[in-house]
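A short write-up of the structure that comes next.
The values are calculated or read from the model by the stated rules, or taken from the named source; none is laboratory data. Model, not experiment: these values are computed from the prediction. Virtual Cβ from ideal backbone geometry, glycine too; neighbours counted across all protein chains shown. SASA here: full protein model, heavy atoms, side chains in, ligands and nucleic acids out. Shrake-Rupley method; radii C 1.70, N 1.55, O 1.52, S 1.80 Å.
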Amino acid sequence: MLNHNLFLCSIQSTVKVIQKNIYRKDHLKNADLLIQVGQIQAKLNNNDMALRCFVEALRMRRKLLDKNHRDLAEALFNVGKVHQSKNNHFNSLAYFQEAIEIYRESDGDSTSQEYANACRLLGLSQIASGDSDNALFSLERCLELQEVTYGSDSEQWAEVAYDLGIARGEAGQYDDAVILLDKFVILQKSFEKRDSESLSNALLALGKIYLKKKSIDNAMVCFDEALSIRKRMSDNELGLSEVLFQIGGVHESKKQYLESLVCYEESLKLRLSVSGEDEDTADIVSRIGEVRRIRGQYDLALENFNLALDMYKSTVGEAHLSVADTYHSLGYVCDAKNDVQKAMQNHKEGLSIRKLILGGDHVKVAASLDDVAGLYQKQNEHAKALRCLKEALRIRKIQLGNDDIEIGKTLFGMGIIFAAIDDNEKATECYNASLDISSRVGSHPKLEAQTLHQIGCLHAANCNYRDALQSWRTCLSKYREGGLKDDHYMVACTLGNIEMCLNVIESDP
């Protein structure tokens, strides 16, 4: 029995004979032989050689066969499949689409397994090319055919259900995605494929969808099961790293920061052992930095964010959203360390990159302007802060309309600035406009409480203590509605203001 290397040499010799003696002879038997050799090369991952064989076979069959001959569709399918395996998805689309048309036209056959396979691979390339609508259509058609041919409890149906479930999840159709992926998981277990890579991938995808649906506990169940499977798989450092990263995110969302940090650091260790410093590695380092920032470990957080920034710049370039996000993270840490100048420098860098990539009217640009405005306010440069907030308000009204809670938050921030420069009339106008938006779009008790607190302060500054008392009492009820306890500093501050106001009113003759 030939070993792998000898077998590979044998195949390469065969190809050379074909290239020398047969390529010049346009005969269908030569095309058939090239298809067979190409399929062997594809199994050996010799994609360039496989593509040469399939392209030459396609040329012969185009020349010698009718335009709707099924053998022509086979050659098209094989060329498309190799392009797909080389991640040349835009190239593969045309080949799959032409093959599908031939299968549909030849004898009116649109229910064959060849047609179904072409639809499936077309859908996968459409996903990779960003054409999610057509991808869903292609995969749905394939799933229908597999159900008709094999039934909805078959391995053939399950394979396509997985693809369609992933696609629906990426398209935001979360409920439909959960149904398909849940069924895939059940079927895989019934097929006794409890340690398969596809099962762990499906559980990982389900967990991510549950996170988006804010179903944290269900997400953790999926991630834990995926982790258990991947621990039993050999040479799976990247797979383990990915699941640990997601579990770390769940712990972070539940404010279990120490547990989160342990998962992130283990994920980083595994990833560095295989792939080194790439974009995904930078993502992990950035999350470690964020957890350390939240825990007040500012010097360590700075080290992480600077390392992540270097990784992003070396892998994706300086004009990238991850670079902008990291600059803002650095800005938050510098601000927390009271290095306002450095914080401003970082936030402005992030703002510039977001403008360059997203344009001047994107909501992320508005968020950057908020950060810059906050630092200007800290430096008592109120006019500059107000200009930033007005620009952020303009952007948000364009993108979100007039009745979005983000508009209310921006108006609240503008009210703070107007109050700081003693323009109480405009401050009151902004505060009231913020409250009006909140009443229209649904209750946001913490924002409403903060706004009422500021309105109370304006009344007190004008010695309107009874109006101030009413505002602060309503503020207190909103804080409690939002779940804050009396020992929270904002609630305690409001309680102190109420007590002060009552004392003033009682002492007033």
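With a requirement of 2 or more residues that are more than 27 Å from LEU330 (Cβ to Cβ) and either open to solvent by less than 30 Å² (accessible area, probe 1.4 Å) or hydroxyl-bearing (Ser, Thr, Tyr) (or both), the helices (runs of 4 or more DSSP H) lying completely within region 349-465 that satisfy it span 405-420, 424-441, 445-461. Would a scan of region 298-306 turn up a residue that is within 21 Å of the chain's Cα centre (by Cα), of a type outside the set (Gly, Ala, Ser) and open to solvent by less than 60 Å² (accessible area, probe 1.4 Å)? Taking every residue of region 298-306 in turn, at least one turns out to be within 21 Å of the chain's Cα centre (by Cα), of a type outside the set (Gly, Ala, Ser) and open to solvent by less than 60 Å² (accessible area, probe 1.4 Å). In this entry, PHE191 passes the filter for residues that are surrounded by fewer than 15 Cβ atoms within 10 Å (Cβ to Cβ), of a type in the set (Phe, Trp, Tyr), in contact with a helix residue (DSSP H, G or I) (Cβ under 9 Å, 6 or more places away or on another chain) and under 21 Å from SER154 (Cα atoms). Of all residues in region 416-460, those being touching a Ser or Thr at 6+ places or on another chain (Cβ under 8 Å) and over 19 Å from GLY482 (Cβ atoms) number 2.
Tell me which residues, restricted to region 219-235, are touching a residue at least 12 places away in the same chain (Cβ under 8 Å) and either more than 23 Å from the chain's Cα centre (by Cα) or closer than 24 Å to TRP157 by Cβ (or both). Across region 219-235, the qualifying residues are CYS222, GLU225, ALA226, ILE229, ARG232, MET233. Here ILE505 fulfils each of the conditions (1) touching a residue at least 24 places away in the same chain (Cβ under 8 Å); (2) assigned to a helix (DSSP H, G or I); (3) surrounded by 14 or more Cβ atoms within 10 Å (Cβ to Cβ) apart from (3).
Note on region 45-138: enclosed helices (runs of 4 or more DSSP H) holding 2 or more residues that are of a type in the set (D, E, K, R), over 21 Å from GLU159 (Cα atoms) and open to solvent by 10 Å² or more (accessible area, probe 1.4 Å) are 47-64, 70-85, 89-105. Answer yes or no as to whether VAL160 is open to solvent by less than 20 Å² (accessible area, probe 1.4 Å), aliphatic (A, V, I, L, M) and touching a Cys at 6+ places or on another chain (Cβ under 6 Å). Taking the combined requirement at face value, the residue satisfies it. Only one of the numbered conditions (1) closer than 20 Å to ARG271 by Cβ; (2) of a type in the set (Gly, Ala, Ser); (3) touching a Gly at 6+ places or on another chain (Cβ under 7 Å) is not met by SER314, and that is (3). Taking region 266-285 as the range and being more than 15 Å from SER314 (Cα to Cα) and of a type in the set (S, T, N, Q) as the test, the residues that pass are SER267, SER273. Of the helices (runs of 4 or more DSSP H) lying entirely inside region 253-342, those carrying at least 3 residues that are without any contact (Cβ under 8 Å) to a residue 40 or more places away in the chain and of a type in the set (Asp, Glu) are 257-274, 279-294, 298-315. Once region 307-341 is narrowed to residues that are of a type in the set (Gly, Ala, Ser) and within 20 Å of the chain's Cα centre (by Cα), the residue that is surrounded by the most Cβ atoms within 10 Å (Cβ to Cβ) is ALA308. Reported count of residues in region 143-153, each being surrounded by 15 or more Cβ atoms within 10 Å (Cβ to Cβ) and polar (S, T, N, Q), is 1.
Would you be able to tell me the number of residues in region 196-218 that are open to solvent by 80 Å² or more (accessible area, probe 1.4 Å) and either touching a Cys at 6+ places or on another chain (Cβ under 6 Å) or among the acidic types (Asp, Glu) (or both)?
Count: 2.
Restricting attention to region 226-277, the residues being within 22 Å of LYS212 (Cα to Cα), surrounded by fewer than 19 Cβ atoms within 10 Å (Cβ to Cβ) and small (Gly, Ala, Ser) number 1.
Checking each residue in region 282-293 for being touching a helix residue (DSSP H, G or I) at 6+ places or on another chain (Cβ under 6 Å) and either closer than 23 Å to GLN256 by Cβ or open to solvent by 70 Å² or more (accessible area, probe 1.4 Å) (or both) picks out ILE284, VAL285, SER286, ARG287, ILE288, GLY289, VAL291, ARG292, ARG293. Pairing each residue of region 19-42 that is of a type in the set (Val, Ile, Thr) and at pLDDT 90 or above with any residue that is open to solvent by less than 50 Å² (accessible area, probe 1.4 Å) and part of a helix (DSSP H, G or I), provided the two are 6+ apart or on different chains, yields C-beta distances under 6 Å for ILE35/ALA57; VAL37/VAL15; VAL37/CYS53; ILE40/ILE11.
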